[in-house]
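Student: Submitted below is the structure of interest, expressed as structure tokens.
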Amino acid sequence: MTGEDRTVTSLLDREATAAAAPRATAPVTRRRRGRGAWGPAFAAPHAIGLGLFTITPIGIALVMSFHDWPMIGVPEWTGLDNFGALLGSSTFRTALLNTLLFVVLYVPLNLIVSMGMAAWISPKIKHRQLFRVIFFLPTVTPIVANAVVWRMLYQPGGAIDATSQAFFGLPMPDFLADPQWAMAAIVVMSVWQGFGYNMIVFSSALDAVPESQIEAASLDGASAWTTFWRIRLPLISPSIFFATTMTLITSFQVFIQPYIMTRGGPGESTLTLVQFIYNQGFTFQQLGLASAAAWILFVIILGVTALQFLGQKKWVHYD
Amino acid sequence: MRARFTAAAVLAAGGLVLTGCSSGSGDAGGDGMVWSMWIGSTEDQAAWNEVAQAGAEAAGVDVSLQGSPFADYWTKLSTQLGTTGAPCIVSMQSLRINQFVDGLLPLDDLITSSDLDIDAFDEGALEALAVDGEQYALPYDTGPLVLYYNRDAFDEAGVAQPEPGWTVDDFEAAAEALAENDQVAFATTIEDIFLEASALAYNGGRVLDEAGGFTLDDPAFAEAVEWLAGLVEDGLAAKANGPDATADDNAFMNGGVASMVGGPWQLLDLKAKAGFELGVVTLPAGDEGQQTFSAGSGFGVSASCSDPEAAFAAVTAMTSAEVLGTLAADGRAFPARAEQQAIWYENAGVEGVDAAMDSALQSAVPLPGSAKGDQFAQLLSQYGPQMVNGERPAGEVLAEIAGQLGE
């Protein structure tokens, strides 16, 4: 159950209780039955949407993953052949490693930058709302447009190279065409694009930390650093957990940035799992193989998310 | 109360289902049909809308134009063909037809039973849109790949305007003279059609044999790529860009480079947008003599079209002498009907274009297609820049591409 669900349920509970209050003598069983009819009615649109557009495609993809399923033509049952082919494919292994590399670089960087910015635009800063909007802008700008602009920035003779040449006389590497730099360039662009969302989450959570506790800590002689580290961070740990989980999930699914900026190149150095799936499915027209790879990604994300939920007991405080 | 809510839930669910299922089919609702085409600009759209109108009049049903940018067109089409949502009329490029034949209707019976004079089409253009002797589309354009160049840049560098039949040595001398005037001569690219034509002109190197089989181990092709890499290294050519297929066109249009490989279908657009005087010449000929590829496009009918007769009537009208004459007059397409080619020449408005096109046509061979054409194009965008820009030996990169293609 997500936080939102909890809020909705508790609101409903409160309303139901308030409505029932004047008729306190009504039989308890009737009230329960009445509530039972509302529940499925409210849940139906979402449940049907989830069933039709999420669970059904996931199921169909599983069926497809056991077939040789060409884009045009007749599918043929092949059992586990697609999974075997993927595990034996050096391109798939490279895509998997590239994705892991992106996750390992991107997630911590994103969290550090967004937390740093959130802490910086604390209520004491002038024009904080303006800063909030400015930092959030990249997140609400279409990512394709951002990627195209960054592709131009990174090009030889682009803004980064030209600035470096003008001020330091040093030419910059051809970031997106150099296998050593391409992934780093994509990570930097992605952090710029993505940190605003987590920043807003952290910023709101920090605002909600009770001032009395901060005051108590400072009266006890805690430094700003200790207050942040020992009071604020533990108090916003549910938000950090939420941000980490969501960021991890989306970073495993990274696609648009490499697709627009490098097409997976140079060579395979920025080929991610989702681009591998896209290529197999829509360029190479092998939907069975693409579905098998999508399922492997699905299981990886599910596993990582499950691990996080198991681990949260140790560091997330809901009190 | 409960019954009302159940009814509301059912209605909401029904609405969702209908929304999900309402994506279009090839028949554009009512008595119309969809024609899918690659579209690069609003000018394109306006011109193709007129063609759609001609098709609609002949078919007696509405023909609605559905466009995507060229690079995305093929991905979108591959997801549409083979489903009931396939557009009835499908635009097809000669070098990509092999990979879509299963989703297309062979037109031979329809051609025989109609009064279409098939002989009025250029023979090579027709052949390029046939697979295993079956005709899958009627051609609207054809044409050899040529070199577009910036006449002003050549003049400013004191370089004589190139003549059709000029050689690689002439080109290199011109490039060096241009370089002395701080002008990069040539834009390299990794786009299949242009890269393959550059190599063929240089030394006859090919990655596809005449039957469409991959020959990525052809040492001549690797040598031709190494030549391009040498030009890049010497500052005579601009680097190839993998993810941005328009980088070479942009560099040419903004004067960053003085020449690029292109097809006659680009002439109108280049002439309209260039801030300089446009020139056209044959690709520089290497030791094997002058050679170039010709490629063309046409319109076919999807296998799942519910009214193939009407679709064929529309396709026939869209490739009629009248429509191709209009496209030729606009400079949009070098027409696939021999008789209308004269109109293109009259209206091209570019000095020397007749001689260049005549010369190129005489030395042109059809650019072969492969069932793995899109896969090869994707791999070129990933690996191509490394070899064309001289970062890795061409032979090594081509072997890696061959491995990925399973060749």
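The values are calculated or read from the model by the stated rules, or taken from the named source; none is laboratory data. All of these numbers come straight from a predicted model, not from anything done at the bench. Neighbour counts run over all protein chains shown; Cβ positions are idealised from the backbone, glycine included.
Student: For region B:330-361: of the residues being hydrophobic (A, V, I, L, M, F, W, C), assigned to a helix (DSSP H, G or I) and surrounded by 16 or more Cβ atoms within 10 Å (Cβ to Cβ), which is modelled with the lowest pLDDT?
Tutor: If we take residues in region B:330-361 being hydrophobic (A, V, I, L, M, F, W, C), assigned to a helix (DSSP H, G or I) and surrounded by 16 or more Cβ atoms within 10 Å (Cβ to Cβ), then B:Ala348 is modelled with the lowest pLDDT.
Student: I'd like the full set of residues that are touching a Leu at 6+ places or on another chain (Cβ under 7 Å), more than 9 Å from chain A (Cβ to nearest Cβ) and part of a helix (DSSP H, G or I), limited to region B:362-378.
Tutor: The answer is B:Gly373, B:Phe376.
Student: Anything in region B:88-117 that is in a helix (DSSP H, G or I), touching a residue at least 12 places away in the same chain (Cβ under 8 Å) and more than 14 Å from chain A (Cβ to nearest Cβ)? List them, or say none.
Tutor: Within region B:88-117, the first condition is being in a helix (DSSP H, G or I), and the residues that meet it are B:94-103, B:108-113.
From what is left, the residues that are touching a residue at least 12 places away in the same chain (Cβ under 8 Å) are B:94-103, B:108, B:110-111.
Hits for region B:88-117 are B:Ser94, B:Leu95, B:Asp108, B:Leu110, B:Ile111.
Okay, residues lined up against (1) within 26 Å of B:Asp374 (Cα to Cα); (2) more than 14 Å from chain A (Cβ to nearest Cβ); (3) at pLDDT below 85:
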{"site": "B:Ala9", "(1), (2), (3)": "no, no, yes"}
{"site": "B:Ala46", "(1), (2), (3)": "no, yes, no"}
{"site": "B:Ala52", "(1), (2), (3)": "no, yes, no"}
{"site": "B:Ala56", "(1), (2), (3)": "no, yes, no"}
{"site": "B:Ala71", "(1), (2), (3)": "yes, no, yes"}
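Student: Taking B:Phe376, is it touching a residue at least 60 places away in the same chain (Cβ under 8 Å), under 22 Å from the mean Cα position of the chain (by Cα) and farther than 30 Å from A:Leu176 by Cα? Reasoning before the result, please.
Tutor: Details: touching a residue at least 60 places away in the same chain (Cβ under 8 Å): yes; under 22 Å from the mean Cα position of the chain (by Cα): yes; farther than 30 Å from A:Leu176 by Cα: no.
The answer is no for B:Phe376.
Student: What about B:Val365, is it in contact (Cβ under 8 Å) with a residue 40 or more places away in the chain and surrounded by fewer than 21 Cβ atoms within 10 Å (Cβ to Cβ)?
Tutor: yes
Student: Same structure, new question: Give me the residue from region A:257-294 that is β-branched (Val, Ile, Thr) and within 12 Å of chain B (Cβ to nearest Cβ) and, out of that set, nearest to A:Val103 (Cα to Cα). Even if it seems obvious, please write down each step before you answer.
Tutor: So in region A:257-294, the residues β-branched (Val, Ile, Thr) come out as A:260, A:262, A:270, A:272, A:274, A:277, A:283.
If we keep only those that are within 12 Å of chain B (Cβ to nearest Cβ) too, we end up with A:260, A:262, A:270, A:283.
Working: A:Ile260: 19, A:Thr262: 18, A:Thr270: 12, A:Thr283: 25 Å.
So, considering only residues that are β-branched (Val, Ile, Thr) and within 12 Å of chain B (Cβ to nearest Cβ), the one nearest to A:Val103 (Cα to Cα) is A:Thr270.
Student: Could you tell me whether region A:35-48 includes any residue that is facing another protein chain (nearest Cβ under 10 Å), exposed (fewer than 12 other Cβ atoms within 10 Å of the Cβ) and assigned to a helix (DSSP H, G or I)?
Tutor: yes
Student: Within region B:233-266, restricting attention to residues that are surrounded by fewer than 18 Cβ atoms within 10 Å (Cβ to Cβ) and not in a helix (DSSP H, G or I), which residue is nearest to the chain's Cα centre (by Cα)?
Tutor: Going through the qualifying residues, I end up with B:Thr246.
Student: With A:Val201, A:Val133, A:Val209 as the choices, which residue is farther than 30 Å from B:Gly242 by Cβ, under 29 Å from the mean Cα position of the chain (by Cα), part of a loop (DSSP other than H, G, I, E, B) and more than 14 Å from chain B (Cβ to nearest Cβ)? Let's see the steps before the verdict.
Tutor: Details: A:Val201 fails: part of a loop (DSSP other than H, G, I, E, B); A:Val133 fails: part of a loop (DSSP other than H, G, I, E, B).
Of the residues listed, the single one that is farther than 30 Å from B:Gly242 by Cβ, under 29 Å from the mean Cα position of the chain (by Cα), part of a loop (DSSP other than H, G, I, E, B) and more than 14 Å from chain B (Cβ to nearest Cβ) is A:Val209.
Student: B:Thr215 is checked against (1) surrounded by fewer than 23 Cβ atoms within 10 Å (Cβ to Cβ); (2) more than 29 Å from A:Trp150 (Cβ to Cβ); (3) touching a residue at least 12 places away in the same chain (Cβ under 8 Å) and fails just one. What number does that condition carry?
Tutor: Status for B:Thr215: all satisfied but (3).
Student: Looking at region A:63-77, is at least one residue over 22 Å from the mean Cα position of the chain (by Cα), in a helix (DSSP H, G or I) and buried (at least 17 other Cβ atoms within 10 Å of the Cβ)?
Tutor: Scanning region A:63-77, I find at least one residue that is over 22 Å from the mean Cα position of the chain (by Cα), in a helix (DSSP H, G or I) and buried (at least 17 other Cβ atoms within 10 Å of the Cβ), so the answer is yes.
Student: So which helices (runs of 4 or more DSSP H) stay within region A:237-319 end to end and still have 1 or more residues that are small (Gly, Ala, Ser)?
Tutor: Correct list: A:237-252, A:287-315.
Student: Looking at region B:267-287 only, could you name the residues that are without any contact (Cβ under 8 Å) to a residue 60 or more places away in the chain and assigned to a loop (DSSP other than H, G, I, E, B)?
Tutor: B:Gly275
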